[in-house]
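Here's the structure we're looking at; comments come further down.
The values are calculated or read from the model by the stated rules, or taken from the named source; none is laboratory data. Here the structure is a predicted model, which means the values were calculated and not measured. Note: ideal-geometry Cβ built from the backbone for every residue, glycine included; neighbour counts use all protein chains shown. We work out accessible area using only protein heavy atoms, side chains counted, and drop any ligands, DNA or RNA first. Shrake-Rupley method; radii C 1.70, N 1.55, O 1.52, S 1.80 Å.
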Amino acid sequence: MEQRHLGRTGLRVSRIGLGTLTWGRDTDEHDAADLLKTFWEAGGSLVDTADVYGDGEAEYLLGRLIEGLVPRRDLVISTKAGSVPDPDRRFDGSRGHLLSALDASLARLGTDYVDVWHIHAFDPDTPLDETLQALDLAVSSGRARYAGVSNFCGWQLAKAATWQIAAPGTRTRLASTQLEYSLLQRGVEREVLPAALDLGIGMLPSSPLGRGVLTGKYRHSTPSDSRGASEHLAPFVAPYLDDTATRIVDAVTTAADGLAVTPLQVALAWVRDRPGVAAPIVGARNAQQLTAALSVEALSLPDEICRALDDVSAPVHRYPDHDWSTL
């Protein structure tokens, strides 16, 4: 698999990442082992997790599989901290919480360091410089090699990245940002992606298949074994089952038919090759699904197909996102 630099750093990652959102909950140890081995054998290196996935079970499962199944040195492990199971405070970006969470993640993963450590979300109740100090301490102590953020909007990302560049002392430059990005969700193109491109921050799209909808599996019904039929994941899929999504999925299917490939391959190739994208994070239920996603490695979409998909899925960007002088 082709490797790409993560933002403006020397770290190289596989241009498709493996997500572990369902590990320890819907994905047991046997299926997780099959997924990780399939991914590794295909040349994949970037594995993305978080301390809250499966209430820590995702990290624990990954830790059990490292060394016994796949050498630690072959993986680029990314994890996150900052989300908390507190209805009154969903995010905790305090230095104390973040560093304690990192230590707990390392213990579950059974490793001395993570390759990339992300702040899971912006915490409006903690000064941003305190949150960013946790990243500096994690990297300077060797517990993390690189640092990034997740689910930061445009101004939050730009403020954080600029602080890390401009503040006095030794600061850790942001290497990456992770947000949802697909043909069904192009909101990052308003401000986040331009900021990331300008600041040299690599984009790691989550849900690059539109929460599974872009595979076309929901065009006529909801498969009984799909996330859309799952009691706890159905609300996650539901927002992308409207008329707008249907029109985009139909266009993806038409493109796939014309190229003699699958809708999954078209949708994943589109987001993988967008400017600023380092590696879409793919979450698969089993090795068969993952193999289907990894088959996109050989596909590059023709320019005319990209333009057609851009047009049918184009978000509405008006003032001040577009050139105001033309309005």
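For the stretch 32-96, which whole-number percentage of the solvent-accessible area (1.4 Å probe, protein heavy atoms only) is attributable to carbon and sulfur atoms? Please list the in-between numbers first.
Working: 1210 of 2720 Å².
Carbon and sulfur: 45 percent of the exposed surface of the stretch 32-96.
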Point to revise | Linear extension gain, Leu137 paired with Asp310, 0.36 nm per residue minus alpha-carbon span | key: 58.2 nm
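If you place +1 on the Cβ of every Lys and Arg and -1 on the Cβ of every Asp and Glu, how big does the dipole about the Cα centre of the chain come out, in debye to the nearest 20? Spell out each step's value before the answer.
Values: 31 positive and 43 negative charges, 115 e Å.
Value, rounded to 20: 560 debye.
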Exercise for review: Scan around Ala175 for amide H atoms under 5 Å from its own, H built in the peptide plane at 1.01 Å from N, and keep only partners 5 or more places away or cross-chain.
Suggested key: Ala147, Gly148
Check your understanding: Asp273 versus Cys153, label points 7 Å from Cα toward the beta carbon: distance in nm?
Key -> 3.3 nm
Practice item. Give a residue-ordered list of calculated ³J(HN,Hα) values for the stretch 259-275 (Karplus: 6.51 cos²θ - 1.76 cosθ + 1.60, θ = phi - 60°; whole Hz; x for Gly, Pro). Key: 9, 6, 10, 9, x, 4, 5, 5, 5, 6, 5, 4, 6, 4, 9, 6, x
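Size of the dipole of the stretch 172-248 about the Cα centre, Lys and Arg at +1 and Asp and Glu at -1 on the beta carbon, nothing else charged, in debye to 20?
Details: 8 positive and 8 negative charges, 31 e Å.
Here the stretch 172-248 has a charge dipole of around 140 debye.
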Point to revise | Cβ-placed point charges (K, R +1; D, E -1), dipole of the stretch 1-115 about Cα centre in debye, nearest 20 | key: 580 debye
Review point. Using 7 Å Cα-to-Cβ label points, what is the Glu130/Ala298 separation (nm, one decimal)?
Key: 5.4 nm
Exercise for review: Using a/c under 1.5 as the rounded threshold, could you call the stretch 243-327 rounded, prolate or oblate? The axes a ≥ b ≥ c are square roots of the C-alpha gyration tensor eigenvalues, and prolate needs a/b larger than b/c, oblate otherwise.
Suggested key: prolate
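Ignoring ligands, DNA and RNA, what percent of the accessible area of the stretch 183-302 is carbon or sulfur (1.4 Å)? Walk me through the intermediate numbers first.
Values: 2600 of 5020 Å².
C and S atoms contribute 52 percent here.
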Check your understanding: Per the helix-only calculation at 222 nm, which mean residue ellipticity applies to the chain, given -39500 (n - 2.57) for every DSSP H run of n ≥ 4 and division by its residues, nearest 500 deg cm²/dmol?
Key -> -11000 deg cm²/dmol
Study note, to complete from the structure: Taking alpha-carbon centroids only, the stretch 1-71 lies from the stretch 186-258 a number of Å equal to 21 Å
Check your understanding: What list of ³J(HN,Hα) values in whole Hz, one per residue of the stretch 31-38 in order, does the Karplus curve 6.51 cos²θ - 1.76 cosθ + 1.60 (θ = phi - 60°) give from phi, with Gly and Pro shown as x?
Key -> 5, 4, 5, 4, 5, 5, 5, 4
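Keeping all protein chains in place, calculate the accessible area per residue for the chain (probe 1.4 angstrom), answer in Å².
On the way: 14480 Å² over 327 residues.
Result: 44 Å² per residue.
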Study note, to complete from the structure: Two pseudo-spin positions, 7 Å from Cα along C-beta at Arg72 and at Asp86, lie apart in nanometres by 3.1 nm
Check your understanding: If the chain between His317 and Leu259 were fully stretched, how many nm would it gain, using 0.36 nm times the residue separation less the Cα-Cα distance?
Key -> 17.9 nm
Check your understanding: Is the shape of the chain best called rounded, prolate or oblate, per the rule: a/c under 1.5 gives rounded, else a/b larger than b/c gives prolate, else oblate, with a ≥ b ≥ c the square roots of the Cα gyration tensor eigenvalues?
Key -> oblate
Review point. Counting DSSP beta bridges with both partners in the chain, what percentage is antiparallel, nearest 5?
Key: 15 percent
Check your understanding: Local charge sum around Asp34 (other residues, Cβ-Cβ under 13 Å, Lys/Arg +1, Asp/Glu -1)?
Key -> -2
Check your understanding: Which of Ser300, Ser182, Ser105 moves most in a GNM of the chain, Cα contacts under 10 Å?
Key -> Ser300
Check your understanding: Where is the GNM fluctuation largest for the chain (alpha-carbon springs, 10 angstrom cutoff): Val70, Val149, Val266?
Key -> Val70
